[in-house]
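Here's the structure, in structure tokens; my notes come after.
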Amino acid sequence: AVTAGLLCFPISYIIGDVVTEVYGFRAARRVIWAGFAMNFFVVALGGVATMLPAPDFWQNGEAFNTVFGLAPRIACASLAAFVSGSMANAWVMERMHVAHGEKHFSLRAIVSTLAGESIDSVIFFPMAFGGTMPSLELLKMMIVQIFLKTLYEVIILPITIQVVKYFKKIEE
């Protein structure tokens with residue numbers, strides 16, 4: 001089983017890699033907090049939407065509320081995991097950059113993603129799905145997500161490298 005996070009979270013880590021590599025950890029931290037605020041805003045709007053009465057012609061109100069009704073639990077898990085994982089990603093990227101200078105960007109990108117996605121998954125999955133599925137299945141889901149998200153980073157790495165080069169060129 002995989003979640004929708006498999007599609008969007010690797011992109012946020014790639015953007016985080018670019019921001020950290022080009023602008024540094026402080027800038028990445030500001031972007032992470034802005035992302036947290038936007039995530040919270042979307043979740044809050046979803047919560048408000050479930051409280052509003054559905055129009056008479058709408059026949060899928062129960063399904064809508066079922067999806068968005070999970071929002072508080074998923075949102076808390078998502079927000080905690082996003083901030084923790086993104087900060088870990090940026091911190092590892094920055095520490096490796098300090099240690100290696102401009103060399104080994106690919107290694108920094110992959111290792112920082114692995115660290116960030118691992119922390120993200122260890123926080124998100126138990127908070128979001130703990131008690132709703134067998135523990136072994138939850139563990140399998142976490143491992144598969146970490147692997148697939150990191151693989152996503154590896155596959156998209158050539159594009160990430162070009163984006164970093166572009167931004168470094170225009171910013172320097």
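Output the relative contact order of the chain, whole-number percent, from Cα pairs under 8 angstrom with separation of 6+ residues.
Values: 158 pairs, mean separation 52.5, N = 172.
Across the chain, relative contact order equals 31 percent.
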**OP:** Identify which of ASN65, ASN89, ASN39 has the largest mean-square fluctuation in a Gaussian network model of the chain, with springs joining Cα atoms closer than 10 Å.
**Re:** ASN65
Original post:
What residue among PRO55, PRO126, PRO72 shows peak mean-square fluctuation when the chain is described by a Gaussian network model with Cα springs under 10 Å?
Top reply: PRO55
Original post:
Per-residue HN-Hα couplings for segment 95-110, Karplus 6.51 cos²θ - 1.76 cosθ + 1.60 at θ = phi - 60°, whole Hz, x for Gly and Pro?
Top reply: 4, 5, 5, 4, 6, 10, x, 7, 7, 6, 4, 4, 5, 4, 4, 6
Original post:
Using the Cα atoms as the points, what is the convex hull volume per residue of the chain in Å³?
Top reply: 131 Å³
Subject >> Centroid-to-centroid separation of segment 11-74 and segment 134-163 [C-alpha atoms, Å] >> reply: 20 Å
**OP:** Express the Stokes-Einstein translational diffusion coefficient of segment 99-172 in µm² s⁻¹, to the nearest whole number, given a Kirkwood radius over alpha-carbon pairs, 37 °C and a viscosity of 0.692 mPa s.
**Re:** 233 µm²/s
Original post:
With springs only between Cα atoms under 10 Å, which of GLU102, GLU153, GLU21 fluctuates most in a Gaussian network model of the chain?
Top reply: GLU102
Subject >> Helix-only [θ]222 nm of the chain, DSSP H runs n ≥ 4, -39500 (n - 2.57) each, per residue, nearest 500 >> reply: -30000 deg cm²/dmol
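Between the DSSP loop rule and a limit of at most 10 other Cβ atoms within 10 Å, which chymotrypsin sites (Phe, Trp or Tyr not before Pro) in segment 27-77 are left?
The qualifying sites are PHE57, TRP58.
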**OP:** Let me know the charge dipole size of the chain about its Cα centre in debye, to the nearest 20, where only the beta-carbon of Lys, Arg (+1) and Asp, Glu (-1) is charged.
**Re:** 440 debye
**OP:** List, largest first, the extents of the alpha carbons of segment 24-97 along their principal axes, each in whole Å.
**Re:** 57, 16, 14
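Bear in mind that the values in this text are calculations on the coordinates, not laboratory data. What you see is a predicted model, and the numbers here were worked out from it, not measured in a lab. Note: ideal-geometry Cβ built from the backbone for every residue, glycine included; neighbour counts use all protein chains shown.
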